[in-house]
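Trainee: Structure provided below as structure tokens; questions to follow.
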Amino acid sequence: MKKIQTEIQAGDAAKVTALVTKLNRYRHEYYNLAAPSVLDAVYDHLFDELQELEKQTGIILSNSPTQTVGAVPVSSLKKVKHPIPLLSLDKTKQMEELLEIAGRSAALLMLKLDGLTVKICYENGRLVEASTRGDGETGELVTHNIPAFYNVPVSIPYKGRLVVTGEGIIHRDDFEEIKGEVSDGRKEACNARNLAAGSIRLLYPAACRKRHIHFYAFNVIEGMEGFGKIADSRGKLLETMQYKGTSA
């Protein structure tokens, strides 16, 4: 039953994402290009459909047209302790070592994304806190900037406590497009990783929004215990949780 529910929720997330992507494209055409491709009535109908779907599913993406960046700027980034340390992984470039590890236990291969590790916490279906990894024991609160990310739900159907870690990144094509616009007057941003790390730690959500930050989960620290009974549970769980939103 839990597996079926998960598949339904994944399908709902796909519908929400598709509508958000379409509406953001239409909004971009209307406001930025002055060349709308659909009538206002079509946009309004799809907007109402998205709003109703968000209400039914509890899934609301941070770049949804129904949302705005409502978080206020902060004067400084406060420190926060991680009850469960966010440890880094050992590194190796030797294929023999990888094969040895995979031979001892089940292994999940994932791409290494170059950005900033972020921990996101949900309570009763609502995003309540986000922080950087920091030194693994202590990070910095960046909750105010999470609504400015392009694909993080601020509301989810899961009503228990859910703590997810992942990487906040800037896609390469986005970086090439914006790197000149975010220079400090002396030189352009040198790479997407550094720009992402700095952007996530900005004090102003409106400025962070312009940096096109996307989040990709790589681990669940707390919550979703039912997945432990499903084969390949971590891989399937992470696949379900990747609500990939795109901006206009």
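Trainee: Where does each of 13-20, 146-153 land if you order them by average Cβ count within 10 Å, highest first?
Mentor: Top to bottom by mean Cβ count within 10 Å: 146-153, 13-20.
Trainee: Given the pairs Lys119/Lys210; Lys78/Lys179; Lys93/Lys159; Lys55/Lys79; Lys55/Lys119; Lys78/Lys159, which span a C-alpha to C-alpha distance of over 32 angstrom in this model?
Mentor: In this structure, Lys93/Lys159; Lys55/Lys79 lie more than 32 Å apart at Cα.
Trainee: Calculate, in nm to one decimal, what Glu129 and Gln56 gain on full extension: separation in residues at 0.36 nm each, minus their alpha carbon distance. Walk me through the intermediate numbers first.
Mentor: Working: separation 73, 0.36 × 73 = 26.28 nm, distance 2.38 nm.
Once the chain is fully extended between Glu129 and Gln56, it gains 23.9 nm.
Trainee: Give, as ranges by residue number, the residues of segment 115-142 whose backbone N falls under 17 Å from the point 7 Å along Cα→Cβ of Thr66.
Mentor: 125-127, by backbone N distance to the label point.
Trainee: Gain in length, Lys78 to Arg25, computed as 0.36 nm per residue apart minus the alpha-carbon separation, to one decimal in nm? Please report the intermediate quantities before stating the final value.
Mentor: Details: separation 53, 0.36 × 53 = 19.08 nm, distance 3.60 nm.
Residue separation times 0.36 nm, minus the Cα-Cα distance, leaves 15.5 nm.
Trainee: In whole Å, how far is the Cα centre of segment 111-165 from that of segment 25-67?
Mentor: Cα centroid of segment 111-165 versus Cα centroid of segment 25-67: 25 Å apart.
Trainee: Given N residues in segment 16-137, what is Rg(Cα) / (2.2 N^0.38 Å)?
Mentor: Relative to the rule-of-thumb radius for its length, segment 16-137 sits at 1.56.
Trainee: Taking the Cα centre as origin and putting +1 on Lys and Arg beta-carbons and -1 on Asp and Glu beta-carbons, what dipole magnitude results for segment 31-149, to the nearest 20 debye?
Mentor: 520
Trainee: Just need log10 I(q)/I(0) for segment 66-241 at q = 0.15, 0.19 Å⁻¹, Debye formula, equal scatterers on the alpha-carbon atoms, no solvent, rounded to two decimals.
Mentor: Values, matching the q order: -0.94, -1.36.
Bear in mind that the values in this text are calculations on the coordinates, not laboratory data. Fair warning: this is a prediction, and the values are worked out from it, not measured in the lab. Virtual Cβ from ideal backbone geometry, glycine too; neighbours counted across all protein chains shown.
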